[in-house]
Amino acid sequence: MTSQTKQTEMLSGAAMVIRALADEGVEYLYGYPGGAVLHIYDALFQQSKVKHVLVRHEQAATHMADAYARATGKAGVVLVTSGPGATNAVTGIATAYMDSIPMVVLTGQVMSHLIGDDAFQETDMLGISRPICKHNMSVRRPEDIPAIIKKAFYIAQSGRPGPVVIDIPKDMTIPSQTFPYHYPSEVKLRSYQPKLKGHSGQIKKAITALLAAKKPILYAGGGVIMGGASDELTELAQLLNLPVTNTLMGLGCYPASDKQFIGMLGMHGSYEANQTMHHADLILAVGARFDDRVTNNTKKFCPDATIIHIDIDPASISKTINAHIPIVGLVKPVLSEMLELLQQKKKKLDSAALKKWWQQIDEWRAVHGGRYDSDSPLLKPQYVIEQVSKITKGNAFICSDVGQHQMYAAQYYGFNKPNRWINSGGLGTMGFGLPAAMGVKLNFPDDDVVCVTGEGSIQMNIQELSTCKQYGLGVKIINLNNGYLGMVKQWQDMNYESRYASSYMDSLPDFVKLAEAYGHVGIRVTEPEQLMPALERAFALKDQLVFLDIHIDPKEHVYPMQIPGGAMNEMFLSKTERT
Amino acid sequence: MRHIISVLLENESGALARLVGLFAQRGYNIDSLTVAPTEDATLSRLTLVTHGNDQVIEQITKQLHKLIEVVKLTDLNDAPHLERELMLVKVKASGAQRDEVKRCADIFRGQIIDVTASTYTVQLVGTSDKLDAFIQALTGTPILEVVRSGVSGIARGEKTLAL
């Protein structure tokens, strides 16, 4: 046998799909079978390299793959059937797209000759997914499958990452029709060549501006995490003694326990982070996109600041806030180049000015300091998160759903490592948390993986408790149960005179019994003193899923909270105080 | 401000839909759009007329660049350029109007390319302004149908948009 004959191995389209995934190094495929993908499932069955995880709803498959990508930086892979299988995956694709998460989604399609005929389980998935994915493609010739899959991974994982959808008509995968298989080692596209290095002239300009600053701030987002640049960012911040704030997506890219960390910024950012941003004379924005949940009113945004903006996506620069010194490139090489220049120059910022700036920041720190009513006889959600952080030593993967609990987790857990905070920041997808935790647990079986959720969010994908049983996924579910859609209720309290239109969840299930019905452990916590013993028990049960149904103060609000229409630093600090 | 954006696009199915979808999705305007394959069968050339302030136009060009199938693009307004649009106008041409339409078409260097006892079809090529002016000049002549191609544009001089 020569290597030539090896290269011309004949495979069916279905076998090529699975082989290409194996050659790409994919270990897990998350999905749900159906008519249009049965050939592919049969090919999957006949090999052992790529393992399949059967979810209970396609949305969960996408969130599992997405969370794997968030935790590892590598694209997660999904396989679903045509029609409803594909449309059920849409929310997950959009979730990944909004947070720039690499993912490859294979959707089945009806036979080519039936496309356009309104055939059974036909839907125009290319049309549906077009505005919510980085790219999509359809297979027109089975022999193209390896090249298309390679291209999908390349596009998904390079530049600004994102999900890529491949639509595969059933006749492209017929087992009896075989074609020569060759998996390409690289892809070159004349129309897509993402920039890697930043412009050196711009980087020099940025250094000059940075060194001249008297009131600087480093504002770092999810791009630092996906760009694997936490170390460089931390080094830069510590070299220059810069205050660091993180976006919701950037939490963990700078250690929260470090004294230079001033908390998350934005709508529910810390008082000191929002004040520091507002009064800064220089903002070094790294892999962040000046999202509306950060800037508040863009017209009042940081009036005195010179803005340096480093981002891989030129379209993110000067989209909402004008950047004075834009740098397009991957954050890692750009930060490395900045560090090199700074080390050569051996210059630092004006130390007297910086000292004064830090004094000011420390005064702001003392104003709110993440306080909450810790004397309350009721269980406070902030306290619960603090205790979870304590028992997991701040090292767990925290996979959050969407709502008040998400903000408490972001504010009170204290992330010291990147890729440990897994949440749907851009799309705000309720139902994300449990499947996300499952995706992480499957790939990190020895780590503590926590799903922080609420009784609203958890019910959006609660069926996945069954998948957890099947694959032995020992996720710890922290259900902050306040009987309300908490964030909706908070807005109704603040803006609608507490008219709780459809924000009260009547007829909640008994979550403990529900967990038990699925074969897991359920623990109910209603009093503060029950919390720690319950957590200890839960985390001691290493391989078991434990559902902690924690009844918290239903009246609690998330603070600080920016005042709508105001500047960065205009905030409510509690129910009775505002700036 | 009005801008003419020229795009070289991979001649693949779905590429045009993606580009047009981008405009709908992000709330940008398309005033006119022309698209056809080029001498290189793998590429389409597309000319798009849009309007917006500088920030909007900058976002449009950046967002277009992000589309995987967009190979190259240029904002023709950045440099001297030529633009042409083709118009076919079918008008009622009877009695005194018959001579009047012919005179008017001659003045605008149009050609009458189809004739019936009661109608003329005039073909006119020029800038969009010139085509507008011709329509204006036809006052009193009943217009039966107007077909415009949308603008095609190219840079003046040696500047090219090519691979």
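None of the figures in this text is laboratory data; all of them are computed from the coordinates on show. Remember, it's a predicted structure, so these values are computed and weren't measured experimentally. Cβ sites come from the backbone with ideal geometry, for glycine too, and all protein chains shown count toward neighbours.
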Taking 0.36 nm per residue of sequence separation and subtracting the Cα-Cα distance, how much length would be gained by fully extending the chain between A:Gln177 and A:Ala366, in nm to one decimal? 61.0 nm
How large is the Kirkwood hydrodynamic radius of the range A:381-558, counting all unique pairs of alpha carbons, in Å? 16.0
On average over all directions, what projected area in square nanometres does the range A:277-385 have, based on the convex hull of its Cα atoms? 9.9
Rounded to the angstrom and largest first, Cα extents along the principal axes for chain B equal 57, 34, 34
Over all alpha-carbon pairs in the range A:135-235, figure out the percentage whose distance exceeds 23 Å. 50
In whole angstrom, note down how far apart the Cα centers of the range A:359-418 and the range A:282-355 are. 27
Determine the relative contact order of the range A:381-558: mean sequence separation of Cα pairs under 8 Å and six or more apart, normalised by residue count, in whole percent. 22
Length-normalised contact order of chain A in % [C-alpha pairs under 8 Å, at least 6 apart]: 13
Hey, what do the phi angles of the range A:570-578 turn into as Karplus ³J(HN,Hα) couplings, whole Hz, using 6.51/-1.76/1.60 and θ = phi - 60°, x for Gly and Pro? 9, 9, 7, 9, 6, 5, 10, 10, 9
Post the alpha-carbon centroid distance, the range B:1-46 to the range A:435-472, in whole angstrom. 43
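Would you tell me the mean number of C-beta atoms belonging to other protein chains that fall within 10 Å of each C-beta in B:58-68, as a whole number?
5
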For A:Glu363, B:Glu58, what's the fewest-to-most ordering of other Cβ within 10 Å of each Cβ? A:Glu363, B:Glu58
Neighbour net charge for A:Thr178 - beta-carbon separation under 11 angstrom, K R +1, D E -1: -2
Across all Cα atoms of the protein assembly as shown, Rg and the largest Cα-Cα distance (Dmax), in Å, are 29.5, 100
Under 5 Å between amide hydrogens, which residues at least 5 positions from A:Asn419 or on another chain qualify, with H placed 1.01 Å from N in the peptide plane? none
Compactness ratio of the range B:122-162: Cα Rg over 2.2 N^0.38 Å, N = residue count? 1.59
Residues meeting the amide H criterion for A:Leu106 (H placed from the backbone, H to H distance under 5 Å, 5 or more places apart or on another chain) are A:Val78, A:Leu79, A:Val80, A:Ile166
Counting pairs of alpha carbon atoms under 8 Å apart in space and at least six apart in sequence, what relative contact order in percent does the range A:3-180 give? 29
How large is ³J(HN,Hα), in whole Hz, for each residue of the range A:26-33 in order, when computed from phi with the Karplus curve 6.51 cos²θ - 1.76 cosθ + 1.60 and θ = phi - 60°, using x for Gly and Pro? 6, 9, 10, 10, 9, x, 7, x
Using modelled amide H (1.01 Å from N, peptide plane; none on Pro or chain starts), what sits under 5 Å from the amide H of A:Gly263, excluding residues fewer than 5 places away? A:Asn246
Rounded to the nearest 500, what is the 222 nm mean residue ellipticity of the protein assembly as shown from helices alone, with -39500 (n - 2.57) per DSSP H run of 4+ residues and division by all residues? -10500 deg cm²/dmol
Angle in degrees between helix B:128-137 and the longest Cα principal axis of chain B, rounded to the nearest 10: 20
Within the range A:18-74, DSSP-loop GluC sites (Glu not before Pro) with at most 14 other C-beta atoms within 10 Å are A:Glu27
Taking the Cβ of B:Thr38 as the center, what net charge do the other residues with Cβ under 15 Å away carry, scoring Lys and Arg +1 and Asp and Glu -1? -2
Need one number for the range A:200-367: average projected area of the convex hull over its C-alpha atoms, nm². 8.5
Spherically averaged projected area in nm², based on the convex hull that wraps the Cα atoms of the range A:401-446: 3.6
When the Karplus curve 6.51 cos²θ - 1.76 cosθ + 1.60 is applied with θ = phi - 60°, which whole-Hz ³J(HN,Hα) does each residue of the range A:505-516 get, with x for Gly and Pro? 9, 7, 6, 5, x, 7, 5, 5, 5, 4, 4, 5
